[in-house]
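Peer 1: If you scroll down you'll find the structure; I have some questions about it.
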Amino acid sequence: MLASELAFAVETVRSAVRIGRQVQGAIAPGRWDKDDRTPVTVADLTVQAVVSGALHERFPDDPLMAEEGSRELREPAWAELLAQVTEHVRLVRADRPESSTILDWIERGQQAIDPAKRYWVLDPVDGTKGFLRKEQYAIALALVERGEILLGVLACPNLPAVLDRVGASQASGMGQLYAAVRGNGAERIDLKAGDAIAARSPLRVSPNSDPALARWCERVESSDRNHDLTAQVVERVGIRAAPDRLDSQAKYAVVARGESSLYLRHSLNPTYREKVWDHAAGVLVTEEAGGRVTDVFGRPLDFSRGRELAGNRGIVATNGLFHERVLEAVREVLKHLTKES
Ligand code: AMP
Ligand code: MG
């Protein structure tokens with residue numbers, strides 16, 4: 001049951017969490033210029049290099065689909081950034097790889113994928129805006145074969161142990177990993193100081209089917225129009241709670257651990273397609289915790305179409321008990337919208 005792949009993914013994502021903390025920790029308080037994206041770029045590229053390098057050594061025949069590439073980083077203008085990435089890679093790799101090796105590891109994320117074979121999917125820093133705000137971000141690694149997600153490991157380094165209403169997006173505690181193997185359930189792995197494993201426990205979605213008691217979550221960085229749409233949908237379902245707005249696949253984690261009954265995502269931009277790495281790990285964790293995930297039209301997510309979910313629009317992830325009601329509400333709200341325009 002993919003025991004060695006699971007152990008590998010947990011260990012590798014744990015080292016990626018250390019990178020995230022290193023980069024955030026290296027920034028002096030108050031010195032973070034809001035328009036400077038360098039810290040998240042360093043974290044993104046360092047995580048992709050380290051995960052890709054480890055994967056290349058451990059499963060040399062498995063290709064990688066990952067968000068970042070190395071083309072810009074090879075240009076002389078980006079030498080300073082490459083030096084920073086190299087320095088951060090060397091903090092977690094005692095063998096002190098050369099910059100040229102690091103560039104090659106990063107570039108492996110852009111290789112051509114044969115969808116009939118198995119391959120890994122990585123979002124090195126999901127929720128870059130959340131990372132910059134020191135709020136929620138995730139590191140997401142999944143194993144996919146013929147469009148089926150076989151394994152998913154999701155790290156949420158800043159997610160509080162319990163999501164409280166007031167500080168939903170504030171960092172506290174040491175964060176958690178969420179791991180699932182298809183057909184084998186999902187588990188939560190709490191981290192302690194040094195990002196060592198503190199405890200492992202089974203994950204289960206909420207058994208609640210009463211909309212009046214349900215919480216729901218959605219993106220932070222969505223347009224007002226999209227937020228207005230999701231608000232109309234949940235109102236039709238009878239959910240009264242205000243949304244928990246979280247960056248990254250942390251939204252799947254809060255559904256999987258039973259705190260939220262619904263994660264709703266839709267873009268009114270008709271050309272936007274969801275990216276595979278933004279969902280693969282979180283979807284499997286949610287499903288294996290007993291939840292259900294489809295697109296907003298109720299279609300199964302099709303992970304066999306390359307780097308995008310080309311056959312899908314938006315996301316509905318629920319504890320299973322709200323799913324049909326949410327799909328019905330989406331249909332009605334979208335119908336009204338089309339009539340208006
Ligand atoms: P979230 O943290 O849930 O807001 O998701 C972050 C991810 O959303 C990024 O990694 C992007 O791949 C993706 N994204 C970027 N633009 C859009 C958009 N217009 N609609 C939906 N997702 C987007
Ligand atoms: Mg992402």
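Peer 1: Out of (1) within 14 Å of ligand 1 (Cβ to nearest atom); (2) assigned to a helix (DSSP H, G or I); (3) surrounded by fewer than 17 Cβ atoms within 10 Å (Cβ to Cβ), the odd one out for Tyr252 is which?
Peer 2: Tyr252 satisfies all of (1) within 14 Å of ligand 1 (Cβ to nearest atom); (2) assigned to a helix (DSSP H, G or I); (3) surrounded by fewer than 17 Cβ atoms within 10 Å (Cβ to Cβ) except (3).
Peer 1: Determine whether region 64-81 contains at least one residue that is of a type in the set (D, E, K, R), surrounded by 15 or more Cβ atoms within 10 Å (Cβ to Cβ), touching a residue at least 24 places away in the same chain (Cβ under 8 Å) and within 19 Å of Leu154 (Cβ to Cβ). Walk me through how you get there before you give the answer.
Peer 2: Applying the first criterion (of a type in the set (D, E, K, R)) to region 64-81 yields 67-68, 71-72, 74-75, 80.
Those still in the list that are surrounded by 15 or more Cβ atoms within 10 Å (Cβ to Cβ) too: 67-68, 74.
Those still in the list that are touching a residue at least 24 places away in the same chain (Cβ under 8 Å) too: 67-68, 74.
When the remaining residues are screened for being within 19 Å of Leu154 (Cβ to Cβ), the result is 67-68.
Yes, the conditions are met somewhere in region 64-81.
Peer 1: Now, a different point. On the given criteria, is Pro202 in contact with an Asp or Glu (Cβ under 8 Å, 6 or more places away or on another chain) and away from ligand 1 (no atom under 16 Å from the Cβ)?
Peer 2: Details: in contact with an Asp or Glu (Cβ under 8 Å, 6 or more places away or on another chain): yes; away from ligand 1 (no atom under 16 Å from the Cβ): yes.
Judged against the criteria, Pro202 is a match.
Peer 1: For region 229-242, name all the residues that are within 25 Å of the chain's Cα centre (by Cα) and surrounded by fewer than 21 Cβ atoms within 10 Å (Cβ to Cβ).
Peer 2: Ala231, Ala241, Ala242
Peer 1: Could we say that Ala280 is over 18 Å from Gly130 (Cβ atoms), at pLDDT 95 or above, within 16 Å of ligand 2 (Cβ to nearest atom) and not β-branched (Val, Ile, Thr) here?
Peer 2: Details: over 18 Å from Gly130 (Cβ atoms): yes; at pLDDT 95 or above: yes; within 16 Å of ligand 2 (Cβ to nearest atom): yes; not β-branched (Val, Ile, Thr): yes.
Spelling it out, Ala280 is indeed over 18 Å from Gly130 (Cβ atoms), at pLDDT 95 or above, within 16 Å of ligand 2 (Cβ to nearest atom) and not β-branched (Val, Ile, Thr).
Peer 1: Here is a further query. Search region 214-228 for residues that are surrounded by 15 or more Cβ atoms within 10 Å (Cβ to Cβ) and pair each with any residue that is in a helix (DSSP H, G or I) and among the hydrophobic types (A, V, I, L, M, F, W, C) when their beta-carbon atoms are under 7 Å apart and the residues are at least 6 apart or on different chains.
Peer 2: So the pair list comes out as Trp216/Val234; Cys217/Val254.
Peer 1: Taking the criterion of being farther than 28 Å from Pro270 by Cβ and within 16 Å of ligand 2 (Cβ to nearest atom), would at least one residue in region 234-253 satisfy it?
Peer 2: Looking through region 234-253, at least one residue is farther than 28 Å from Pro270 by Cβ and within 16 Å of ligand 2 (Cβ to nearest atom).
Peer 1: Here is a further query. Is it the case that Leu150 is surrounded by fewer than 23 Cβ atoms within 10 Å (Cβ to Cβ), among the hydrophobic types (A, V, I, L, M, F, W, C) and within 17 Å of Arg292 (Cα to Cα)? Let's see the steps before the verdict.
Peer 2: Details: surrounded by fewer than 23 Cβ atoms within 10 Å (Cβ to Cβ): yes; among the hydrophobic types (A, V, I, L, M, F, W, C): yes; within 17 Å of Arg292 (Cα to Cα): yes.
Against the criterion (surrounded by fewer than 23 Cβ atoms within 10 Å (Cβ to Cβ), among the hydrophobic types (A, V, I, L, M, F, W, C) and within 17 Å of Arg292 (Cα to Cα)), Leu150 qualifies.
Peer 1: Among the residues that make up region 288-295, is at least one of them surrounded by fewer than 22 Cβ atoms within 10 Å (Cβ to Cβ), outside any loop (DSSP other than H, G, I, E, B), away from ligand 1 (no atom under 12 Å from the Cβ) and of a type in the set (D, E, K, R)?
Peer 2: Yes: one or more hits.
Peer 1: Here is a follow-up. Test Thr271 against the stated conditions and say whether it is over 12 Å from Ala138 (Cα atoms), more than 15 Å from ligand 2 (Cβ to nearest atom), more than 11 Å from the chain's Cα centre (by Cα) and not in a helix (DSSP H, G or I). Full working, then the answer.
Peer 2: Values: over 12 Å from Ala138 (Cα atoms): yes; more than 15 Å from ligand 2 (Cβ to nearest atom): yes; more than 11 Å from the chain's Cα centre (by Cα): yes; not in a helix (DSSP H, G or I): yes.
Criteria met by Thr271.
The values are calculated or read from the model by the stated rules, or taken from the named source; none is laboratory data. A quick note: this is a predicted structure, and the numbers were derived from the prediction, not measured. Virtual Cβ from ideal backbone geometry, glycine too; neighbours counted across all protein chains shown.
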